[in-house]
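Novice: Pasting a structure here, questions to come.
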Amino acid sequence: MVMHEQLINPTVEKFKNEFKSEPEHIFLSPGRINIIGEHVDYSDGFVLPAAIDKYICFAVRKLPQTHFCTIIAKDLGEEYTFDVTMEVKPDQQMWMNYILGVFSQLQKPENRFCGMEIVFSSTIPMGAGLSSSAALECGFAYILNELFDLQLSKKEIAVIGQKSEHTFAGVKCGIMDQFASVFGKEDKVIMLDCHSLEHQYFDADLKGYSLLLFDSCVKHSHLTSGYNDRRKDVEHGKKVLWKNFPEIEKFRDFTLAMLEHVKEEMGSISYKRCLYLLKEIQRVEIAAKTISEGNMEYLGTLLTETHAGLSAEFEVSCNELDFLVKNALRQEGVLGARIMGGGFGGCSINLIRENKAEEVIGTISEKYLEHFNIRMKVYQVKISDGIKEYTNEYII
């Protein structure tokens with residue numbers, strides 16, 4: 001557990017300095033990546049996420065004699081105190097809304113809470129699309145479940161995290177981020193049906209290969225409007241498909257031949273959107289099998305196909321990300337690359353032979369700086385376990 005010391009130790013030190021006592025518990029709540037399956041979570045598709053070795057660390061102590069909970073966000077230099085016996089409401093401190101949103105759902109007569117002291121710190125980069133918000137929500141829900149024996153299932157914790165984001169943070173996110181943070185397993189990817197929440201694990205032994213995220217450090221302002229427009233395009237396409245093929249139950253069961261049949265009626269924009277989605281849903285199922293068989297060459301090909309679809313058919317890429325992907329694919333040792341997340345900025349995910357990783361990072365960083373005058377950030381991630389409590393043996 002040496003790899004966690006750089007996060008755990010400073011968090012514990014901060015706790016000792018602020019509260020003049022030792023924490024009783026340490027929890028680690030991970031961020032996540034999605035290997036493949038973008039924009040299919042609202043179209044009856046599958047996603048293939050995994051928890052990663054970037055975490056929020058919580059140092060926690062229960063205070064049975066009080067009813068005040070004090071939470072310190074070490075990295076932000078901010079703190080917040082609330083009364084666990086009073087109804088909580090959204091606050092101007094945005095980070096706290098993820099926590100308050102969780103607490104509001106669990107404020108029931110049967111759940112008897114007392115005071116707490118909490119310090120948290122993170123190695124999940126903010127704004128890089130690695131779901132620091134899901135790690136915060138689900139981490140806090142997990143803590144309450146453990147400290148107060150709430151008997152929540154993992155699935156309930158994930159849903160509570162998602163609802164917190166909907167109600168207190170005002171973000172209508174899907175369930176994938178929270179699910180991956182809670183259900184993650186080391187060296188396993190999760191094939192998740194975002195509607196039924198049925199899921200299965202596939203082996204993901206990446207020895208000899210690196211998953212590198214190249215952060216474009218841009219976030220274009222049309223992310224939200226672009227996302228909403230894509231959803232409208234897709235909904236129109238679905239209506240046309242179901243009008244012509246009412247016997248089909250789920251969008252993922254439409255065939256490409258059916259889509260071709262209604263292409264003219266649907267119109268070129270909705271056709272392109274649905275074409276990408278149906279192909280991407282198929283790619284996720286193939287990728288799950290491919291990664292479990294250790295066929296990294298083919299996995300790389302699937303990632304690159306996804307990028308082409310997101311760029312040309314779904315049109316959610318941008319110049320910076322197209323540049324990163326195109327130039328990465330020219331480098332020796334790069335098996336595949338694609339935009340990751342909603343689009344219009346953020347990171348690309350790159351599958352690279354481990355012995356070529358440093359060379360590729362150097363080349364792409366230089367090219368990106370030269371072309372856009374932006375210093376790209378790089379995150380190497382490993383597939384990790386979901387939320388866990390860590391015992392005192394890991395604390396200084």
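Just so it is clear, none of the values below were taken in a lab; they were calculated from the coordinates. As the structure is a computational prediction, the values presented were derived from the model and not from experiment. Virtual Cβ from ideal backbone geometry, glycine too; neighbours counted across all protein chains shown.
Novice: Mind jotting down the three principal axis lengths of segment 97-227 based on Cα atoms? Whole angstrom, largest first.
Specialist: The principal-axis extents, from largest down, are 49, 37, 32 Å.
Novice: Mind grabbing the base-10 log of I(q)/I(0) for segment 1-131 at q = 0.10, 0.19, 0.22 Å⁻¹? Debye formula, identical points on the C-alpha positions, no solvent, two decimal places.
Specialist: Each listed q maps to, in turn, -0.40, -1.15, -1.31.
Novice: Something else about it: Show the residues, 5+ positions off or on another chain, whose built amide H is closer than 5 Å to the amide H of Tyr390.
Specialist: Ile26, Phe27, Leu28
Novice: Are there any GluC sites (Glu not before Pro) in segment 250-330 that are in a DSSP loop and have at most 14 other Cβ atoms within 10 Å? List them by number.
Specialist: Passing sites in segment 250-330 are Glu293.
Novice: Ok, one more. For the pair Gln92/Val218, report the inter-label distance in nm, with labels modelled 7 Å from Cα in the Cβ direction.
Specialist: 3.4
Novice: What number, rounded to the nearest 500 deg cm²/dmol, is the helix-based mean residue ellipticity at 222 nm of the chain, given -39500 (n - 2.57) per DSSP H run of at least four residues and division by all its residues?
Specialist: On the way: 12 runs with 164 residues, N = 396.
Calculated mean residue ellipticity at 222 nm is -13500 deg cm²/dmol.
Novice: Averaged over all directions, how much area does the convex hull of the C-alpha atoms of segment 312-352 cover when projected, in nm²? Numbers along the way, then the final one.
Specialist: On the way: hull surface 10.9 nm².
Value for segment 312-352: 2.7 nm².
Novice: Determine which aspartates and glutamates satisfy two conditions relative to Lys239: a Cα distance under 12 Å, and not lying fewer than 8 residues away in the same chain.
Specialist: Within the straight-line limit of under 12 Å, Lys239 reaches these aspartates and glutamates: Glu265.
Novice: Output the relative contact order of the chain, whole-number percent, from Cα pairs under 8 angstrom with separation of 6+ residues.
Specialist: Relative contact order of the chain: 23 percent.
Novice: Once the Cα atoms of segment 240-287 are picked out, what are the Rg and Dmax in Å?
Specialist: Here Rg and the maximum Cα pair distance are 10.6, 32 Å.
Novice: Pairs of Cα atoms under 8 Å, at least six residues apart: use those to get the relative contact order of segment 137-293, whole percent.
Specialist: Details: 118 pairs, mean separation 27.6, N = 157.
Relative contact order for segment 137-293 comes out at 18 percent.
Novice: Long-range amide H contacts for Lys377: which residues qualify at under 5 Å (H placed 1.01 Å from N, peptide plane, sequence gap of 5 or more or a different chain)?
Specialist: Here Asp215, Cys217 satisfy the definition.
Novice: Working from Cα positions, state the angle (0 to 90°, nearest 10) between the long axis of helix 2-19 and the longest principal axis of the chain.
Specialist: 40
Novice: Working from the alpha-carbon coordinates of the chain, get Rg over Rh, Rh being the Kirkwood radius.
Specialist: Across the chain, the Cα-based Rg/Rh ratio is 0.99.
Novice: Tally the DSSP beta bridges in the chain and give the antiparallel ones as a percent, rounded to 5.
Specialist: About 90 percent, rounded to the nearest 5.
Novice: So, one more: Calculate the all-directions average of the projected area of segment 220-351's alpha-carbon convex hull, and give it in nm².
Specialist: Result: a mean projected hull area of 8.6 nm².
Novice: For segment 95-148 and segment 225-240, what is the separation of their Cα centres, given in Å?
Specialist: Each part's Cα centre sits 33 Å from the other's.
Novice: Divide the volume of the convex hull of the Cα atoms of segment 133-209 by its number of residues and quote the answer in cubic angstrom per residue.
Specialist: 111
Novice: Under 25 Å between alpha carbons, and skipping anything fewer than 8 positions from Lys16 in its own chain: which lysines qualify?
Specialist: Lys16 reaches Lys54, Lys62, Lys74, Lys388.
Novice: Further question on the same structure: Report relative contact order for segment 198-272 in percent, whole number only (criteria: Cα-Cα under 8 Å, sequence separation at least 6).
Specialist: On the way: 21 pairs, mean separation 22.6, N = 75.
RCO, segment 198-272: 30 percent.
Novice: Report ³J(HN,Hα) in whole Hz for each residue of segment 149-155, in order, from the Karplus equation J = 6.51 cos²θ - 1.76 cosθ + 1.60 where θ = phi - 60°; Gly and Pro get x.
Specialist: Here the 3J(HN,Hα) series is 6, 7, 6, 7, 7, 4, 5 Hz.
Novice: When you count, for each residue, the other Cβ atoms within 10 Å and take the mean per peptide, how do 25-34, 132-141, 346-355 rank with the highest first?
Specialist: 132-141, 25-34, 346-355
Novice: Work from the charge dipole of segment 259-396 (Cβ charges, +1 for Lys and Arg, -1 for Asp and Glu, about the Cα centre) and give the residue of Gly294, His371, Ala328 farthest towards its positive end.
Specialist: It is His371.
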